[in-house]
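> Handing you this structure, nothing more for now.
The values are calculated or read from the model by the stated rules, or taken from the named source; none is laboratory data. A quick note: this is a predicted structure, and the numbers were derived from the prediction, not measured. Backbone-built Cβ (ideal geometry, glycine too); neighbour counts: all protein chains shown.
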Amino acid sequence: MCIRNAFQVSVSRACSHLLTAVNSWIPIKAFPRLRLKHSAMAALWMLVFLAFGIPGTHLSNCSYYGLLNYLNLTTSSQVLQVMRPVHSWNQTSKVSLDMVMYGIMDVCCNDSNVCHLFINQRWKNEFLTWNPSDFCGIDKLTIPKSLVWVPDVSIDEDASDSGSIRSDPLLILMSSGEMVTTTRQRLTSTCQLNLSLFPFDVQRCNITFSSTSYDTSSLKLGPAKNSSVITSLSDEFMITQGEWNLQNMEVSLYDHINGNISVSKLRYTVLLERKPMLYVINLILPLFYLLILDLASFFISASSGEKLGFKVTILLSISVLLLILNDILPSTEDKLPKIASYCVSVFTVVWLSLLETMLVGFLADFSGRSSSDLQQDSASHEEPEEVLEKTEVKPAEKVLPLDGLQDHLRGIQKEWQSSA
């Protein structure tokens with residue numbers, strides 16, 4: 001509309017100038033009718049020009065195709081694809097980048113982190129600018145990435161495959177030359193974990209962006225938003241966190257010098273806090289309860305025979321929990337997690353308690369067998385003396401040869417008296 005109004009104003013001014021020229025060229029007194037006729041013809045030609053000229057201009061300037069023609073994007077131009085979009089070669093291209101984390105999937109082993117990211121990049125192309133008023137107010141345009149230069153920004157800690165990156169094939173071109181592109185990525189990044197306080201640990205994982213082809217003098221990275229904004233946006237768009245809580249995200253910018261080459265790097269430090277409740281309920285508390293039961297088993301009588309079986313059952317239960325812990329804990333050689341020391345200590349205490357029960361039982365059986373053997377030995381030594389005492393004849397009780405005859409005679413006498 002602005003172009004059309006301006007065009008109408010210019011045409012009106014041209015008409016007025018033309019009529020003035022016609023009126024000044026033809027004298028009014030000599031040829032009044034001729035002057036009127038030429039004025040009418042000039043006005044008629046102006047109306048025809050307005051009728052056919054303005055609509056054509058309006059259609060060409062208000063279409064995306066006309067804008068693409070103006071920007072020279074309808075034909076293949078390798079210069080726009082491979083060269084940095086700056087007028088001077090020593091001018092630095094500035095790329096603003098922001099990252100939003102919307103998913104924490106898993107922490108594998110002890111050296112990788114799997115998460116979902118939204119990555120936005122902004123830079124300026126100085127050759128692709130236009131005035132929106134010249135094209136009916138069009139202030140932005142969507143074009144394929146293959147038509148223009150795109151900064152080669154990558155993640156240093158990226159260990160994922162190429163299929164995990166979902167890059168938008170289109171980008172947004174603003175009238176000022178600013179370009180905006182969005183990338184969605186399932187990132188598997190290397191992250192050295194410190195598991196000494198597992199499961200009450202807080203991990204710090206770095207996600208570093210840098211260019212692989214341009215140094216600091218050619219390309220400079222910068223954060224589009226500060227740390228607090230990035231953290232709040234990530235909390236707002238977070239879909240899943242698994243066993244982790246996003247605590248904070250810190251943004252830092254620095255230059256990495258490798259020999260004579262300085263590369264601009266943008267680092268996001270992600271602080272992840274583990275949710276410990278699952279491990280407390282399934283591992284720490286059961287081990288503590290089994291330790292209490294083992295200590296309570298000292299009140300069981302050793303003679304009942306159930307104490308040893310009870311302790312063996314507790315030891316087997318702790319062994320099962322240790323197997324579960326082995327599957328949960330990632331392998332690490334730097335530091336032994338405190339929970340592993342706790343489990344090994346409980347297992348050692350129960351194992352020593354079991355050995356103590358076995359030793360006490362053995363000593364009790366050994367002392368019982370020793371006392372019975374001593375009793376049998378003493379009984380075997382006392383039996384011959386008793387036999388000798390029983391078979392020994394006292395001197396007063398010795399049997400004389402005539403005593404038996406006298407007794408026999410007395411018996412006969414008593415029988416005779418009783419019969420008489």
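> Here are Ser262, Ser234: which of them is of a type in the set (Gly, Ala, Ser), assigned by TED's automatic domain parsing to the domain that holds Ser213 and more than 13 Å from Ser210 (Cα to Cα)?
Just a single option satisfies the conditions, and that option is Ser234.
> Taking the criterion of being more than 25 Å from Leu71 (Cα to Cα) and surrounded by 18 or more Cβ atoms within 10 Å (Cβ to Cβ), would at least one residue in region 169-187 satisfy it?
Taking every residue of region 169-187 in turn, at least one turns out to be more than 25 Å from Leu71 (Cα to Cα) and surrounded by 18 or more Cβ atoms within 10 Å (Cβ to Cβ).
Here's the yes/no breakdown for (1) aromatic (Phe, Trp, Tyr); (2) within 30 Å of Thr269 (Cβ to Cβ); (3) not in a loop (DSSP other than H, G, I, E, B):
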{"residue": "Asn90", "(1), (2), (3)": "no, no, no"}
{"residue": "Val95", "(1), (2), (3)": "no, yes, yes"}
{"residue": "Met99", "(1), (2), (3)": "no, yes, yes"}
{"residue": "Gly103", "(1), (2), (3)": "no, yes, yes"}
{"residue": "Cys115", "(1), (2), (3)": "no, yes, yes"}
{"residue": "Ile138", "(1), (2), (3)": "no, no, no"}
{"residue": "Arg166", "(1), (2), (3)": "no, yes, yes"}
{"residue": "Leu173", "(1), (2), (3)": "no, no, yes"}
{"residue": "Gln185", "(1), (2), (3)": "no, yes, yes"}
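> Taking only pairs six or more apart or across chains, which ones have beta-carbon atoms under 7 Å, a first residue in region 210-224 that is more than 14 Å from Val150 (Cα to Cα), and a second residue that is basic (Lys, Arg) and surrounded by fewer than 17 Cβ atoms within 10 Å (Cβ to Cβ)?
What qualifies is Gly222/Lys94.
> Select from region 140-164 the residues that are assigned to a strand (DSSP E or B) and more than 21 Å from Asn72 (Cβ to Cβ) and list them in ascending order.
Val153, Ser154, Ile155, Asp158
> Something else: Only one of Ile261, Ile292 is modelled with pLDDT under 95 and farther than 30 Å from Asp365 by Cβ; which?
Checking each option against the conditions leaves just Ile261.
> Which count do you get for residues in region 243-279 that are more than 26 Å from Lys225 (Cα to Cα) and either touching a strand residue (DSSP E or B) at 6+ places or on another chain (Cβ under 7 Å) or surrounded by 13 or more Cβ atoms within 10 Å (Cβ to Cβ) (or both)?
Final tally of qualifying residues: 5.
> Taking region 76-107, which residues are within 30 Å of Ile328 (Cα to Cα) and surrounded by fewer than 16 Cβ atoms within 10 Å (Cβ to Cβ)?
Asp106
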